[in-house]
Amino acid sequence: MTVTEDAPAAVTAASEPTAAAPAATGLAAILGSGDHKVVGRLWIVASIFHLLLAGAAALAVAAERMDLSGVDIVAADMLGPLYAYRSIGAAFLFLLPFTIGVATAIVPLQVGASTIAFPRAATAAAWTYLLSGGLLVGSILIDGGPFGTDADGVLLFVSAFVLLLVALAVAWICIATTVVSLRPHGMTMARVPLFAWSNLVAATVWLIALPVLAAVAVLAFIDIRYGGGNGFFGGGEATLYGRISWAFGTPAVYAFAIPALGVIGSVVPVFTQTRHQRHRIAQGLIGAFGALSVGAWAIPGYGSEAYHWLYEGPWVVVSFAILLPVLGLFGLWAMTGRQGRLTMASPLLFAGAALTMLLVGLLAGAVQAVEPLETLVDGDASPLYGTSWSSSVAAYIGLATMIALAGGLVYWAPKLIGRTFAEGGTRVVALVLLAGTVLWAFPELIAGLMGQPALPLMGPIDNTSTIETLNIVSLIGGVVLALGAAGLVALFVSAARSDELPGDDPWSGHTLEWATSSPPPVDNFASLPEIASEAPLYDARHRSEEGSA
Amino acid sequence: MSAVVTTPSPLLTAPPPAPRRPRVLTVAAAFAAVASSLFVLTMLGAYLQVRGERLADGVSALPEDVVLPLTPGNMGLLTLAMSVVTVAWLSWSLRNEDRIHAYLALGLSILLGIAFINTTAYLYQQMEMPFDLTGTSGLLYAVTGAHLVMTAVGLIFLAVVGFQAFGGQLTGRDAEGMSAAALYWYVTVAVYLPVWYGIYITK
């Protein structure tokens, strides 16, 4: 008797692959895709569109401030809504979605996952963002939004804003779950690369802040819809901006910068050609930065004046303490640089510019908190908080984050679009963005010191002519920033159209996203290298070098 | 006797199976539960602040003619407390592939969830309180309404994974979806404690 264990022929035939359906192309490929790279690109492109809109609003407000004697350039009743849109649009329609876009595309690759967790939810979040962003812009155009006079428009704004917050929260849940649950064998939490780690920290912080902001917005909706000017907290539409502006004031604004630290931490070791020094400590420092940037407790207008010390005490502590993790990271990156050989490529230039601006912003935020030390004693309001010093701090943090993420876009372009940016042009853009940030935010800082309020309230103030001069410099900075952003978009489009292929690992990267093709296939990896540290590709490269030696 | 010819089984030469997805749904449910809780608790905080300010001004928090009955609130708490037991029973039954117990536990859990919603609706009816924004009454509806939404989401989650389990997708060691739904439900019940104390007990 002969016994065989060959599989029956029928089984073999059944397991043969069937003809694959033709891959969708063009718009159908975007509309029907749950691929996290496609979804990430959708977030990125839409957020850049919102950057252009928010930037135009910011330039209009800045131009109006050249002459403080009256409102000349935009319609008088549009100045407030434009100012509010400048902040809300820049923060929640550009910066956070841009971060989510880069994270959605890169984080699964960096942790070695074949997909993002809940790809359909991630896709739904992206489309909800597009819808709510459109409604939000529409509400501003019909004189809704904060400072708007059309009650229905204001309600549309609040509804769209809540929808936007839900979309952002869902996207963060997908990213965080990917980092926690979809890591392959060997990728322990301590080995998670810094960009993915920073996004896990950011997701946690935003999943604390976004529901609080959504609840505040829902209460504002009820207040305005049913209470007119006599709602729970009084004031109706007029107080809307004050209720939500804490989300881009200190300390909550620092949460925007958490992924920026991850980008810098990913770029520095690659362009110094060495291992990141004290990776776990860097993770701890990013976590500490995240913990200190939870700002949901510092909501103005919801605390009794009798307990002002309860808010201002922690506010002062946080404003100073948050400098420490960034200084610690700066030290680690300096150590990393000393250990290796520096290659001044464009992503490192972006990283350096972003880190410098972030440190200046954090320092300005700490200075802002000095005055409340006195309010603990006498109860007076801070003279700096509420001036354009405050908005300048937010501008420094926001623009530093934008520069870091722009660097991330350049660095990860091979994985995002399968092409690289032109190196020379990208270096110029990095310097232009740095110059624009300094020109935009520094005069605003000084004008705040001289008493210019953050809100564009026209009318006589002290040192009007000096402040107007500073505002002109700030406007020039805005124009320079716009040129830098336009240059980056042009480079992005040019790179996307280029026929030059970058190769799988053009930077000699350290982390897993460089272990696959550029652009990666739908399921990301054909195979993964051994993961024995936070830099598996660096390990593999050094093992093979040692072997050949 | 002829020789036994063995060729390696494809099962032996095949690559090892991909590791089981480690608690993806549970992790996401934990994040979602924290976010939902903070949404409700922020509203509760706003309610307590307005209530405190009104009491400090010597004005009653709720309209003078409104009586906030204690019994429905307490019954709501008791109902949710019982549902914690039935949901734990449901998870245990699925892990042990005991379908009869799972059917019973899912049915009871959904019944108790609906009973809680009914209790709150009965409370609203008993109060006969207008939706008034000058006091805390509008906020009371906002807080309890937000918690009702959280409860409804938890119920739908339980029902969906429960029916998936009966379809055979979430049995034995793979009952992760039920663990996720149970986690969300436990947090929903936990959030009711400060709502119950802040609204129905302190009045």
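The values are calculated or read from the model by the stated rules, or taken from the named source; none is laboratory data. Just so we're clear, the structure is a prediction, and the values are computed from it rather than from any experiment. Ideal geometry is used to build each Cβ from the backbone, glycine not excepted, and the neighbour counts take in all protein chains shown. For accessibility, only protein heavy atoms count, side chains too; no ligands or nucleic acids. Shrake-Rupley method; radii C 1.70, N 1.55, O 1.52, S 1.80 Å.
Checking region A:419-426 against the condition returns a match, with at least one residue being out of contact with any Lys or Arg (no Cβ under 8 Å at 6 or more places or on another chain), open to solvent by 40 Å² or more (accessible area, probe 1.4 Å) and in a helix (DSSP H, G or I). B:Ala61 - would you say it is modelled with pLDDT under 90 and within 20 Å of A:Ile208 (Cα to Cα)? The answer is no for B:Ala61. Among the residues of region B:104-117, are any away from chain A (no Cβ under 14 Å), at pLDDT below 90 and surrounded by 20 or more Cβ atoms within 10 Å (Cβ to Cβ)? Checking region B:104-117: not a single residue is away from chain A (no Cβ under 14 Å), at pLDDT below 90 and surrounded by 20 or more Cβ atoms within 10 Å (Cβ to Cβ). Within region A:123-139, identify whether any single residue is within 14 Å of chain B (Cβ to nearest Cβ) and either outside any loop (DSSP other than H, G, I, E, B) or in contact (Cβ under 8 Å) with a residue 12 or more places away in the chain (or both), and answer yes or no. Yes, region A:123-139 has at least one match.
Yes/no per residue for (1) at pLDDT 90 or above; (2) of a type in the set (A, V, I, L, M); (3) over 20 Å from the mean Cα position of the chain (by Cα); (4) open to solvent by less than 40 Å² (accessible area, probe 1.4 Å):
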position: A:Ser392; (1), (2), (3), (4): yes, no, no, yes
position: A:Ile397; (1), (2), (3), (4): yes, yes, no, yes
position: A:Pro414; (1), (2), (3), (4): yes, no, yes, yes
position: A:Thr437; (1), (2), (3), (4): yes, no, no, yes
position: A:Pro456; (1), (2), (3), (4): no, no, yes, yes
position: A:Asn463; (1), (2), (3), (4): no, no, yes, no
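Among the residues of region A:95-122, write down those that are surrounded by fewer than 24 Cβ atoms within 10 Å (Cβ to Cβ) and touching a Gly at 6+ places or on another chain (Cβ under 9 Å). Those that are surrounded by fewer than 24 Cβ atoms within 10 Å (Cβ to Cβ) and touching a Gly at 6+ places or on another chain (Cβ under 9 Å): A:Thr115, A:Pro119, A:Arg120.
Just to be sure, is A:Ala190 of a type in the set (Gly, Ala, Ser) and either out of contact with any helix residue (DSSP H, G or I) (no Cβ under 8 Å at 6 or more places or on another chain) or at the interface with chain B (Cβ under 9 Å from one of its Cβ atoms) (or both)? Judged against the criteria, A:Ala190 is not a match. When A:Gly144 is tested against (1) surrounded by fewer than 24 Cβ atoms within 10 Å (Cβ to Cβ); (2) more than 9 Å from chain B (Cβ to nearest Cβ); (3) not in a helix (DSSP H, G or I), only condition (1) is not met. Which of the residues belonging to region B:61-73 are touching a residue at least 40 places away in the same chain (Cβ under 8 Å), away from chain A (no Cβ under 14 Å) and either touching a Ser or Thr at 6+ places or on another chain (Cβ under 9 Å) or part of a helix (DSSP H, G or I) (or both)? Answer for region B:61-73, where residues must be touching a residue at least 40 places away in the same chain (Cβ under 8 Å), away from chain A (no Cβ under 14 Å) and either touching a Ser or Thr at 6+ places or on another chain (Cβ under 9 Å) or part of a helix (DSSP H, G or I) (or both): B:Pro63, B:Val66, B:Leu70, B:Pro72, B:Gly73.
Looking for whichever is open to solvent by 10 Å² or more (accessible area, probe 1.4 Å) and either touching a Gly at 6+ places or on another chain (Cβ under 8 Å) or over 19 Å from B:Met75 (Cα atoms) (or both) here; the options are B:Val160, B:Val149. Which one fits? Answer to the check: B:Val160. Within region A:492-524, being open to solvent by 30 Å² or more (accessible area, probe 1.4 Å) and not in a loop (DSSP other than H, G, I, E, B) holds for A:Phe492, A:Val493, A:Ser494, A:Ala496, A:Arg497, A:Ala515. So, of the residues in region A:289-317 that are open to solvent by less than 40 Å² (accessible area, probe 1.4 Å) and at pLDDT 70 or above, which turns out to be farthest from the chain's Cα centre (by Cα)? Per the criteria, the residue is A:Gly313.
If you check B:Val191 against the conditions, is it within 14 Å of the chain's Cα centre (by Cα) and within 13 Å of chain A (Cβ to nearest Cβ)? Judged against the criteria, B:Val191 is a match.
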